[in-house]
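Notes for the one structure printed next.
The values are calculated or read from the model by the stated rules, or taken from the named source; none is laboratory data. This one's a predicted model, so the numbers in the text were calculated from it and none came from an experiment. Positions of Cβ are generated from backbone atoms using ideal geometry, with glycine treated the same way; all protein chains shown enter the neighbour counts. Ligands, DNA and RNA are excluded from the accessible area calculation, which covers all protein heavy atoms including side chains. Shrake-Rupley method; radii C 1.70, N 1.55, O 1.52, S 1.80 Å.
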Amino acid sequence: MVHTPYPEDPPRGPRYLPIAEHGLIGDLRTVALVGSNGTIDWYCCPAFDAPSIFAAILDAERGGSFELAAAVPARTKQFYFPDTNVLITRFFTEDGVGEVQDFMPVAAEAPHETGRHRLIRRVVCVRGTVPFRMLVAPRFDYGAVAHTVRTVDGLVLFESSVRSLALTSTVALECDARDARADFKLSEGESAVFALDQVDGAVAPRGCAHAEAEHEFNATVAYWRRWLHQSRYRGRWREMVHRSALTLKLLTYAPTGAIIAAPTTSLPEQLGGERNWDYRYVWVRDAAFAVYALLRLGFSGEAEAFMRFLTTHISPGCGDGSGPLQIMYGIDGRADLPERVLPHLEGHRGSAPVRIGNAAVGQLQLDIYGALIDSIYLYDKWAQPIPSGQWDDVCHLVDWVCDNWDQPDEGVWETRGGRKDFLYSRLMCWVAIERAIRLATHRGLPADHRRWRQARDTIYRRIMDRGWSERRRAFVQYEGGDVLDASLLMMPLAKFIAPTDPKWLSTLDALTEDLVSDSLVYRYDPQASPDGLRGDEGTFSICSFWYVEALVRAGRLDEARLAFEKMLTYANHLGLYAEEIGRTGEQQGNFPQAFTHLSLISAAFNLDRALG
């Protein structure tokens, strides 16, 4: 069979839902995005970074989708079954109310256990009568590989050279050469079940009767509630904090403990722009900050799993030559993540290019060493003592930082406009050395204390001397410049400078003046500091929560609380955040983003503690 990209399918309904109009379900190996209209328009199988099965969010005609909705005009509302990642989409029609219950059963979390990948959609009529329509239109390998359809013993098999899926249903299905569809009506109390299974290799197709769907639903609800019960957070914003924790858990790859940055690729930071990236990988920085957030809430098991990922899959010396570590890795620890463009996909609302892989893997970003060693320090402090073998790796990293902290790099925001002497990179190199000194002193571990202290103090003086602009009365983005950067909000959070130091308070005021808009914080001004890319971007939500924390630590609690409450209004209807917020409050960039949710947890925790 010759595999060619799919021709365009005829459009059905609105071409694209806004990014914010989605919920997330998953099984700790992959996820699906479910639109508020009942359509699954993003699903990769069998893992986060596998080629897509449904990708209509990136190309409404060629991407493929799983539609399930009322067949008559309806208002819709979407919510999570309380304290779980089971998603409910309700349809309010003239003659009744129906709902679709979407979930993915969670398999065993044992390392290397792949389990069955099953997506279950249960439709229930809760009042009156409601007609429904269903269409399963898979498009394998980002819509580039053709497939066939056949029925076997009541199952519909979608088979391609890269993946095979089985669809089971409790209502009659009709098939054509590529898709399966159904039209059916339910009365109050009646239900229908659709299950989509991966059936590759030794995994055989099986049905999903009403009783099995009920069992799987209850088991999935019980799993998520059992997991969330570990949380120690009892503060003011419990619902939002727990939704963020549940989201971070969904972004965890159970077989290795990896935590991905986001489950999508190429959702645009600006509509029509080129700032479209693949985030389905493990950024050392993001995952290290996630460890902090999860430990704060009491989820030590997730922190332990990530530490195991580090020691098993990432070791000093496996970088690309510019440093002992890469900035990101695959969910299985692989280092090779080549970036390529998929020209046959038009991109979300026409925002090309669509990229898979990420060329930033080859960048030098010195801040990752501070984030990583800080997470190890916190894990040792709040969970388990560091193993002796891992301490040897830490010493190797710290020695390298002592030798290389003054290199120019691409910085925390992965700019593609050339290396600079970024202040945030210097700051986090200071953190790397300072936390290692603390750890060695506390545990009595062997260390080159004299060398480490000398390097730490030299970095401190360098930041104070060259990172401060007398003209701006503020710390700046890079040495010798006058541009402000929101990453510097981490200075008091990392305990580099006292949160009430006059130099810091002046910097905080300058950042507020230049980069803050109604609690929303821009990373930097790309016009004043070109980053090698065309176009503008939205405000960066993690910076907005860093801003809240900086206000808290400066004692400006009323401002901090107002900024935090405003930020909560920018979440979507389910409490989820994409990477950025646009000018009119729209979600932009990959969705949902781990970085934002972990910073929400940290801000809520520290603000709540300060309020007493």
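How many residues does region 204-252 hold that are closer than 24 Å to residue 593 by Cα, surrounded by fewer than 15 Cβ atoms within 10 Å (Cβ to Cβ) and in contact with a Ser or Thr (Cβ under 9 Å, 6 or more places away or on another chain)?
So the answer is 3.
Name every residue in region 483-502 that is free of Cβ contacts under 8 Å to residues at least 40 places away in the same chain and either touching a Lys or Arg at 6+ places or on another chain (Cβ under 8 Å) or open to solvent by less than 10 Å² (accessible area, probe 1.4 Å) (or both), in order of residue number.
497
Looking for something at pLDDT 95 or above, closer than 20 Å to residue 511 by Cα, within 22 Å of the chain's Cα centre (by Cα) and small (Gly, Ala, Ser) - is there at least one such residue anywhere in region 581-594?
Scanning region 581-594 turns up no residue that is at pLDDT 95 or above, closer than 20 Å to residue 511 by Cα, within 22 Å of the chain's Cα centre (by Cα) and small (Gly, Ala, Ser).
Would it be correct to say that residue 360 is closer than 30 Å to residue 342 by Cα, open to solvent by less than 10 Å² (accessible area, probe 1.4 Å) and either assigned to a helix (DSSP H, G or I) or of a type in the set (A, V, I, L, M) (or both)?
For residue 360, the condition - closer than 30 Å to residue 342 by Cα, open to solvent by less than 10 Å² (accessible area, probe 1.4 Å) and either assigned to a helix (DSSP H, G or I) or of a type in the set (A, V, I, L, M) (or both) - is met.
Just name the residue that is most open to solvent (accessible area, probe 1.4 Å) out of those in region 158-183 that are within 17 Å of residue 146 (Cα to Cα) and among the acidic types (Asp, Glu).
176
Taking region 156-171 as the search range and keeping residues that are assigned to a loop (DSSP other than H, G, I, E, B) and at pLDDT 95 or above, which one is farthest from residue 132 (Cα to Cα)?
Among those that are assigned to a loop (DSSP other than H, G, I, E, B) and at pLDDT 95 or above, it is 170.
Restricting region 44-87 to residues that are in a strand (DSSP E or B), hydrophobic (A, V, I, L, M, F, W, C) and open to solvent by less than 20 Å² (accessible area, probe 1.4 Å), which is nearest to residue 573 (Cα to Cα)?
87
Check 213, 262, 222, 293 and return the single one that is part of a helix (DSSP H, G or I) and either within 22 Å of residue 541 (Cα to Cα) or within 22 Å of the chain's Cα centre (by Cα) (or both).
The match here is 293.
Starting from residues that are open to solvent by less than 50 Å² (accessible area, probe 1.4 Å) and not in a strand (DSSP E or B), keep the ones in region 88-109 and report whichever is modelled with the lowest pLDDT.
Looking at the filtered set, the residue picked out is 107.
Which of the following residues is of a type outside the set (Phe, Trp, Tyr), free of Cβ contacts under 8 Å to residues at least 60 places away in the same chain and crowded, with 22+ Cβ neighbours inside 10 Å: 367, 409, 421?
So the residue among 367, 409, 421 that is of a type outside the set (Phe, Trp, Tyr), free of Cβ contacts under 8 Å to residues at least 60 places away in the same chain and crowded, with 22+ Cβ neighbours inside 10 Å is 409.
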